[in-house]
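Quick notes on the structure that follows.
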2 protein chains.
Amino acid sequence: MMTVEHENLSVQGFRAAAVAAGIRKHGRLDLALIVCDTPAAAAGVFTTNRVQAAPVLLDMERIRSGRAQAIVINSGIANACTGEAGMRLARATTQLVADALDIPAELVQVASTGVIGEQLDIARFEQAMPGLAASLEPDGFPEVARAMMTTDTVPKTACRTVRLGNREVKLLGLAKGAGMIMPNMATMLSFVVTDAAISPPLLQEILQQAVARSFNAITIDGDTSTNDTLLILANGRAGNPELDGSDPETTELFRQTLEDLLRELALKIVADGEGATKLITIRVAGARSEEEARAAARTVANSNLVKTAFFGEDANWGRIIAALGRSGAEFSQDQVDIAFDDVTMVRAGVGQGRAVEAQATEVLKRRQFAVVIDLHAGSAAAEYYTCDFSIDYVKINADYRS
Amino acid sequence: MMTVEHENLSVQGFRAAAVAAGIRKHGRLDLALIVCDTPAAAAGVFTTNRVQAAPVLLDMERIRSGRAQAIVINSGIANACTGEAGMRLARATTQLVADALDIPAELVQVASTGVIGEQLDIARFEQAMPGLAASLEPDGFPEVARAMMTTDTVPKTACRTVRLGNREVKLLGLAKGAGMIMPNMATMLSFVVTDAAISPPLLQEILQQAVARSFNAITIDGDTSTNDTLLILANGRAGNPELDGSDPETTELFRQTLEDLLRELALKIVADGEGATKLITIRVAGARSEEEARAAARTVANSNLVKTAFFGEDANWGRIIAALGRSGAEFSQDQVDIAFDDVTMVRAGVGQGRAVEAQATEVLKRRQFAVVIDLHAGSAAAEYYTCDFSIDYVKINADYRS
């Protein structure tokens with residue numbers, strides 16, 4: 001992955017800030033604000049969970065306008081399963097931001113992460129808002145990335161630049177994840193700001209496409225949050241001819257750049273999965289359809305038995321083939337090949353013996369490796385990204401609220 | 001659950017034995033035999049995994065005759081993903097049994113459990129078979145239950161008697177489980193012997209019905225084995241009028257007794273789940289259909305986040321409602337009720353506060369409790385049985401093969 005210098009984490013026309021508002025615990029950054037100097041084109045993708053947190057419900061309603069100017073984010077409490085009181089609080093929070101910035105509340109998006117079922121206290125937001133608005137700076141994004149963290153151990157940011165026409169366009173992304181991560185959506189929270197000029201409908205379309213092979217191809221524990229939110233704001237300050245779909249080549253270039261950025265963020269989430277010690281790519285080829293390829297890769301990526309074996313650095317391919325067998329993908333068990341990176345452990349459904357297993361075990365000691373599966377049933381392929389499943393995952397999740 | 005005296009673990013006309021054959025490790029019981037004095041009515045249910053072990057493939061073929069006289073069982077190596085050599089070995093094993101007992105090989109069923117992908121050594125079976133056949137005894141079943149164990153910590157047996165007509169009929173069941181447990185089938189291996197007189201087609205039909213609310217309603221880790229096998233042999237020695245479906249009342253009585261027996265075995269498997277410290281019933285009511293009720297219960301029962309919270313004795317109902325929300329069941333989030341035993345923590349989608357949470361936390365300290373969910377979307381219900389997810393689960397599964 002590319003190294004991103006701290007000083008690059010800004011995009012013209014955007015400012016950001018974070019404060020410790022004491023939302024659930026004292027003294028840690030837990031309230032953040034991202035603001036555009038002018039109303040920006042906006043698009044969003046949200047959790048597919050039937051149970052949706054108040055901020056998600058509010059954002060989904062407002063994003064239809066295709067415009068937004070600010071995003072307020074809190075960690076600590078998710079404002080999910082909080083009923084009408086939660087909806088009122090989400091609205092009130094955006095009103096506080098609107099008042100502080102002198103913009104319409106309808107242009108304010110809100111995102112929350114943390115414990116489900118507890119009510120936020122609006123007083124914390126009231127007290128913190130003036131200071132938060134006053135501290136907005138172009139280089140405030142790293143602080144926002146920190147304020148979003150829950151069980152994350154590192155803040156997650158990524159940057160890309162791309163030349164559209166004769167203008168340089170910049171994209172800056174933030175993400176938090178770590179647990180309750182599973183498509184669709186795979187991240188709990190992610191925000192992207194860019195100075196590209198693009199029409200809101202095209203931005204929404206491109207965002208959804210870019211999500212498919214990034215956030216929707218990762219899994220940590222198979223659980224889907226009630227709060228998953230990905231928002232993108234594009235303010236047009238780069239001065240490129242506005243992308244509206246009439247120039248397919250430039251549109252594709254921007255889409256690829258966005259996908260690449262989201263993929264970096266997604267992989268950072270997996271690598272920082274709760275208790276994770278390894279980042280693993282599950283690559284399935286030879287499936288009858290892309291749907292079956294995805295089902296096969298996802299089932300392996302989510303299997304507790306496969307993931308605990310990886311934690312134990314045990315090349316237990318039997319668990320992989322057992323997971324493939326229950327994935328719903330059609331294949332013949334006497335045709336499957338399985339490799340760990342370049343070491344083929346299984347050919348035509350049969351293990352290749354102790355010597356090969358010893359080589360495969362060496363691969364499993366790496367921080368990062370790929371499981372390459374060929375079902376030999378067709379020509380479709382898919383990739384998933386996952387992590388191993390460690391003792392610390394259980395420790396983290398047995399203790400999370402205490 | 002009823003207490004079963006050791007001396008009751010026999011059924012007239014059946015004998016059993018187990019020996020330490022050194023299949024994978026030395027000095028532990030790993031080869032067992034169940035034999036009926038005469039050919040018995042037989043039925044079986046097998047893994048739905050597309051990848052099926054050699055013994056499963058062989059049994060499925062032979063059980064079509066509706067007759068069987070012996071079951072040979074080994075632990076240590078699963079004989080799965082072993083190609084043609086594995087099939088030859090499974091056949092050869094049944095031939096050894098047939099020769100030792102002087103019965104046709106077609107009447108011998110075979111079951112294996114253990115590591116996937118390693119080849120069994122037929123020499124171990126050849127050496128052990130004479131001693132195994134010679135040690136068959138009516139009271140040999142507890143030893144068989146022990147020989148079947150892999151990561152199980154206790155052998156699992158259950159007994160029932162039921163009066164059919166004016167005859168007392170007995171059923172004796174054995175099971176092993178502990179990991180890679182998930183419908184359908186939920187057990188790795190289970191065997192039932194009974195002296196009931198029943199026609200093979202009815203036995204098969206009743207077995208499948210009884211499995212639905214027993215083995216197919218439990219989960220430990222969401223994984224399905226390649227070797228799951230449930231076999232029942234009925235030798236008719238009780239002398240009841242042969243059940244053939246013409247007497248619905250007696251048939252139902254037998255079906256219920258079998259379901260009850262299988263349920264006891266299934267719950268013993270969950271209670272002995274790898275690393276499990278608690279046995280938890282997930283009861284979903286108010287679903288639109290039984291299918292949605294089962295999907296909702298299963299998704300909660302399989303959620304790592306829910307199960308780690310139970311291990312931590314944390315009444316984190318947010319994780320339960322999040323799991324319900326991704327289960328595919330239709331419901332409105334502001335109508336859901338959730339109780340732990342008799343403590344209702346969530347009413348109409350909203351938490352009932354700290355005092356109730358403290359009571360719920362007390363419930364979670366029990367060895368056994370129920371999560372009672374009402375979706376208020378319809379009238380269908382379903383139950384699943386699961387266990388908590390502990391640090392030991394990861395330890396067991398990271399180390400399993402070493």
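When Rg and Dmax are taken over the Cα atoms of the protein assembly as shown, they come to 29.1, 94 Å. Distances between copies at residue B:252, taken between label points 7 Å from Cα along the C-beta direction, are 6.7 nm in increasing order. From its DSSP helices (H runs of at least four residues, each -39,500 (n - 2.57)), chain B gives a residue-normalised ellipticity at 222 nm of -10500 deg cm²/dmol. Overall form of the stretch A:112-218: oblate. Here a/c, set by the Cα gyration tensor axes a ≥ b ≥ c, is 1.5 or more, and a/b is not larger than b/c.
Would you please classify the overall shape of chain B from the alpha carbon gyration tensor, given that a ≥ b ≥ c denote the square roots of the eigenvalues, rounded means a/c under 1.5, and beyond that prolate means a/b larger than b/c while oblate covers the rest?
Numbers: a/c = 2.17, a/b = 1.59, b/c = 1.37.
It comes out prolate by the Cα gyration axes.
Scanning chain A for long hydrophobic helices, with DSSP H runs required to stretch 24 angstrom or more by C-alpha along their axis and to average at least -0.5 on the Kyte-Doolittle scale, returns A:83-101, A:248-271.
Taking the label point 7 Å along Cα→Cβ, residue B:213 and its counterparts in the other copies are spaced 5.0 nm apart, in ascending order. Cross-linked pairs A:176/B:395; B:278/B:395; A:365/B:176; A:307/B:176: Cα-Cα separations exceed 25 Å for A:176/B:395; A:365/B:176.
Note on residue B:213/residue A:252: beta-carbon distance plugged into 1/(1 + (r/R0)^6) with R0 of 60 Å gives a FRET efficiency of 0.65. Note on chain A: with a GNM built from Cα contacts shorter than 10 Å, the maximum mean-square fluctuation among A:322, A:17, A:134 falls on A:134. Multiplying the residue separation of residue A:242 and residue A:122 by 0.36 nm and subtracting their alpha-carbon distance yields 39.3 nm. Between residue A:330 and residue A:139, the simple spin-label model (points 7 angstrom out along Cα→Cβ) gives 5.9 nm.
A full extension of the chain between residue B:38 and residue B:161 corresponds to an added length of 42.2 nm, given 0.36 nm per residue minus the alpha carbon distance.
Can you give the FRET efficiency for residue A:288 and residue B:87, using 1/(1 + (r/R0)^6), R0 = 35 Å, r = Cβ-Cβ distance, to the nearest 0.05? It would help to have the intermediate numbers written out before the result.
Values: r = 26 Å, r/R0 = 0.73.
Efficiency at R0 = 35 Å is approximately 0.85.
Which lysines have a Cα lying under 22 Å from the Cα of residue A:170, excluding residues fewer than 8 positions away in the same chain? List returned: A:156, A:268.
With its label point defined 7 Å out from Cα along the Cα-to-Cβ axis, residue A:137 lies at 8.2 nm from the matching points of the other copies, in increasing order.
Counting Cβ atoms of other protein chains within 10 Å of each Cβ in A:43-51 and taking the mean gives 4.
A simple spin-label model places the labels of residue B:376 and residue A:205 4.2 nm from each other, with each point 7 Å out along Cα-to-Cβ.
Consider a paramagnetic label point 7 Å from the Cα of residue A:153 along Cα→Cβ; state which residues of the stretch A:258-274 have an amide N under 11 Å from it. Backbone N within reach: A:271-274. Pull out a ≥ b ≥ c, the square roots of the eigenvalues of the alpha-carbon gyration tensor of the stretch B:35-111, then state rounded if a/c is under 1.5, prolate if not and a/b is larger than b/c, and oblate in the remaining case. Since a/c reaches 1.5 but b/c is at least a/b, the shape of the stretch B:35-111 is classed as oblate.
We did not get these values from a lab; they are worked out from the coordinates using the rules stated. Nothing here was measured: the structure is a model prediction, and the numbers come from that model. Every residue, glycine as well, gets a Cβ built from its backbone with ideal geometry; the counts of neighbours run over all protein chains shown.
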